[in-house]
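> Supplied in structure tokens, the structure appears directly below.
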């Protein structure tokens, strides 16, 4: 089977049906994400960033794959839940609520807001709902107001060690493209310029060619747990965002630089003993503070597959294709569940399933379907 057919078939006949069948809350609206291997709900709490991600996914499918009214209805269920229960009186989104929408945990960063904005924008495009479009714009500007202190009172860094995190410029580089149809052109270009500069000049280390997770404001490094931290999946995912920007701007130099960075990260973070990509690493080889550092995670490998397909599509670099085959073989043989649908999320270092969940507090309907769609379309263009 051609790669393009594999991804298309898996998306439409394995992954999407799993979430359609098992995750929809027909009583309160929104989605259940805590699902066991067969799709049974084992916890009913709702995590707002996952509500936004799933609403985005089904809106995207409606916009880009097929005008399927069931997909639009599923997206609307999440949009309505987010609008009614997802945010406080200031328009800031919660981290989690009960199944009926009662607030449980305030957001300790702005990622719930980012995925809500993405969902609102994609749904507004699908439905033509002007009120939701306005809410997407309002949420975007609310995010920008908080970008210098994204964790607010929960910020861990102080003036004694003013490290800045990679996550925000990374996510903004994707968010602004998602909102391109509703933002003013000058706002789009300004945010792209900011994101590209931060990602490629501040967080990308010139010496090692690797992305650091936390740096000092001038891009220099601090010799501490957080200052030495590498998150290979984050770095690689950000590179396909950079490639998308490079394609949009016809900037082959940016595409080439991002593609080489993907190779750099893979060469550094591939587990040569058991295969797969490490979750966290310390640049000096010290013990990371994250106890789960050697686990193999679904999203890391899926984002790597997307990044490699895009990079190869626009460079024809055979090194990238060789890496693609290597990562593909590992990911599809370890995470994919052809029997019950979807992918497992968490493996131990040896590649054995560590948690037999298909969804939970961190894993929802997003990375797997998005990667299936992105790889399907990239391989159609590559003709593989």
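The values are calculated or read from the model by the stated rules, or taken from the named source; none is laboratory data. As the structure is a prediction and not an experimental result, all values here were calculated from the model. No Cβ is skipped: glycine too gets one built from the backbone with ideal geometry, and neighbour counts run over all protein chains shown.
> So which residues in the range 165-207 are surrounded by 14 or more Cβ atoms within 10 Å (Cβ to Cβ) and over 30 Å from residue 55 (Cα atoms)?
Residues satisfying the conditions are 200, 202, 203, 204, 205.
> From the list 38, 76, which residue is in contact (Cβ under 8 Å) with a residue 12 or more places away in the chain and either in a loop (DSSP other than H, G, I, E, B) or surrounded by 22 or more Cβ atoms within 10 Å (Cβ to Cβ) (or both)?
38
> When you go through 345, 341 one by one, which is the residue that is at pLDDT below 95 and crowded, with 17+ Cβ neighbours inside 10 Å?
Answer to the check: 341.
> If I go through the range 266-302 residue by residue, how many of them are in a helix (DSSP H, G or I) and under 27 Å from residue 359 (Cβ atoms)?
Summing the residues that are in a helix (DSSP H, G or I) and under 27 Å from residue 359 (Cβ atoms) in the range 266-302 gives 6.
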